[in-house]
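To start, the structure itself, in structure tokens.
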Amino acid sequence: MAARALLLRTTARCCSPLHSPSAAPRLHPRLRSHAAAPQLRFPALSFSASAASTSSHGPGGGDAGEGEDDKGAYENYLGMSDDELMAQCDMGTFKSSGPGGQHRNKRESAVRLRHHPTGIVAQAVEDRSQHKNRSSALSRLRTLIALKVRRPINLDNYTPPVELLQILPLKSTIRSKDVGSQIGPNNPKFSQGMQALLDLLFAVEGSVSEAAKILGLSTGALSRLILSDDSLRAAANELRASKGLKPLR
């Protein structure tokens, strides 16, 4: 009987799950959660590169000129009539703030114009008449277009336009008598000549001496012309600074 009992205990021990070769090991409760964790999979990372197109916008920043035909950037905006230029603008009115009398802010007399092709914004707030402010804003818009919108020039076959010849001093060797008297900054047509002059300066990398040779002037004479108008001087000096040149004084 003793031998039989010993045999039964041995058999039970051998068949116990703890001693079975195929039995899974018993783990500590803290380790059990790690053992049962699913296998981690890292998905492949894919980057889709979208082509970025660079478009030349009109100065003034933002989305100026977006959606316009490329050659639209070189239209003769300053040669347009007031009605034609206004047709390219959004006009907004608002109440101006600041000094100007008790009636100044009672009506939305101030005018803001946004030129669609270039994105340039001009405004006038100084008058109590919306009509007069509209006229002033349009005049300022023409000046800003002249200062900020550059048109390409081919120096190989360049001929200065009449608008540029009209603002040149009489001493210019390429200025014929039929051009008429010199136009000054107070003349509404001065902005067209100013734009043409800045276009030329841009083409010669801001070099006043090179531009002077093309226009039949001395460097000093052309410098004095540029310095005769504050906005023209500022635009020319900004261009020269971008080319690493010293400002005109």
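The values are calculated or read from the model by the stated rules, or taken from the named source; none is laboratory data. Note that this is a predicted model, so its numbers are computed, not measured. Using ideal geometry, Cβ is built from the backbone for each residue, glycine included, and neighbour counts are taken over all protein chains shown. Just the protein is used for accessible areas: all its heavy atoms, side chains included, with ligands, DNA and RNA removed. Shrake-Rupley method; radii C 1.70, N 1.55, O 1.52, S 1.80 Å.
Numbers below:
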{"item": "Shape call, segment 172-238: gyration tensor on alpha carbons, a/c limit 1.5", "result": "oblate"}
{"item": "Highest average packing first - 199-208, 131-140, 176-185, 85-94, Cβ atoms within 10 Å", "result": "199-208, 131-140, 85-94, 176-185"}
{"item": "Ordering of 210-221, 112-123 by burial proxy (mean other Cβ atoms within 10 Å per residue, highest first)", "result": "112-123, 210-221"}
{"item": "Portion, in percent, of the accessible area of segment 102-245 that falls on carbon or sulfur, probe 1.4 Å", "result": "48"}
{"item": "Inter-probe distance in nm under a simple model that places probes 7 Å from Cα toward Cβ, at Thr173 and Ser207", "result": "1.7"}
{"item": "Projected label distance in nm at Tyr158 and Leu245, using a 7 Å step from Cα toward the beta-carbon", "result": "1.0"}
{"item": "Per residue solvent-accessible surface (Å²) - segment 151-248, probe of 1.4 Å", "result": "52"}
{"item": "Whether segment 77-149 is rounded, prolate or oblate, judged on the alpha carbon gyration tensor where a/c under 1.5 counts as rounded", "result": "prolate"}
